[in-house]
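K.L.:
Here's a structure for you.
The values are calculated or read from the model by the stated rules, or taken from the named source; none is laboratory data. Source: prediction; values computed, not measured. Positions of Cβ are generated from backbone atoms using ideal geometry, with glycine treated the same way; all protein chains shown enter the neighbour counts. Accessible surface areas use protein heavy atoms only, side chains included; no ligands, DNA or RNA. Shrake-Rupley method; radii C 1.70, N 1.55, O 1.52, S 1.80 Å.
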Amino acid sequence: MVSIIVPVYNASATVERCVESILTQTVSCKEIILVNDGSKDNSLEVIERYARQYENVVVVDKPNGGVSSARNTGLTHAKGEYIAFIDSDDYYTDETYIEQMR
């Protein structure tokens, strides 16, 4: 399994495209860990919708501590043999990107 960790801070304008690009990855066994790092916009609401819709999406909500803190929090929740990180304002353009990394 691949755990894909996404730190999220005030990313309501970009996080959906990021998550959608992860969901379309061809690797079949993946978990998506979305770490809300104290966002002040509606990012938490956006990512919680994904957690309700997809069983392989996990949302962790924490007070703001910065991107490194959010990534480390994601690592404590990861169950995958492999770990990948992507920022909430980035997205995969190739559906096989994660598959090729394994």
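K.L.:
For Thr14, which sequence-distant residues (separation of 5 or more, or a different chain) have an amide H within less than 5 Å of its own amide H, given hydrogens modelled in the peptide plane?
P.N.:
For Thr14, whose amide H was placed from the backbone, there are no distant partners under 5 Å.
K.L.:
Still on this model: Determine the order of Thr24, Thr73, Thr93 by accessible area, beginning with the largest, at a probe radius of 1.4 Å.
P.N.:
Working: Thr24 70, Thr73 30, Thr93 125 Å².
Descending order: Thr93, Thr24, Thr73.
K.L.:
Quick one: with all protein chains in place, what share of the accessible area of the chain is carbon or sulfur, to the nearest percent (1.4 Å probe)? Please report the intermediate quantities before stating the final value.
P.N.:
Values: 2520 of 5540 Å².
It is 45 percent, rounded to a whole number.
K.L.:
If you filter segment 38-97 for trypsin sites (Lys or Arg not before Pro), then keep DSSP loop positions with at most 16 other Cβ within 10 Å, what is left?
P.N.:
Passing both the DSSP loop test and the Cβ count: Lys40, Lys79.
K.L.:
Per residue, how big is the convex hull of segment 45-86 when only Cα atoms are used? Give it in Å³.
P.N.:
Once divided by residue count, the hull of segment 45-86 is 89 Å³.
K.L.:
Count the net charge of all other residues whose Cβ sits under 11 Å from the Cβ of Val59, scoring Lys and Arg as +1 and Asp and Glu as -1.
P.N.:
0
K.L.:
Once you keep just the Cα pairs under 8 angstrom separated by 6 or more residues, what percentage relative contact order results for the chain?
P.N.:
Computed over the chain, the figure is 45 percent.
K.L.:
Next up: What is the ratio of the Cα radius of gyration of the chain to 2.2 N^0.38 Å, where N is its residue count, to two decimals? Could the numbers behind the result be given before it?
P.N.:
Details: Rg = 12.3 Å, N = 102, 2.2 N^0.38 = 12.8 Å.
Working it through for the chain, the quotient is 0.96.
K.L.:
Measuring with a 1.4 Å probe in the full set of protein chains, what accessible area per residue, in whole Å², belongs to the chain?
P.N.:
That works out to 54 Å² for each residue.
K.L.:
Also: With angles folded into 0 to 90 degrees, how steeply does helix 43-53 sit against the dominant principal axis of the chain? Use alpha carbons for both and round to 10.
P.N.:
Compared with the principal axis, the helix lies near 40 degrees.
K.L.:
Can you work out the Karplus-derived ³J(HN,Hα) for every residue in segment 80-89? Use 6.51 cos²θ - 1.76 cosθ + 1.60 with θ = phi - 60°, whole Hz, and x for glycine or proline.
P.N.:
x, 6, 10, 10, 10, 10, 8, 7, 5, 9
K.L.:
Relative to the longest principal axis of the C-alpha atoms of the chain, give the angle of the C-alpha long axis of helix 67-77, reported between 0 and 90° and rounded to the nearest 10°.
P.N.:
Helix 67-77 and the main axis of the chain meet at about 60 degrees.
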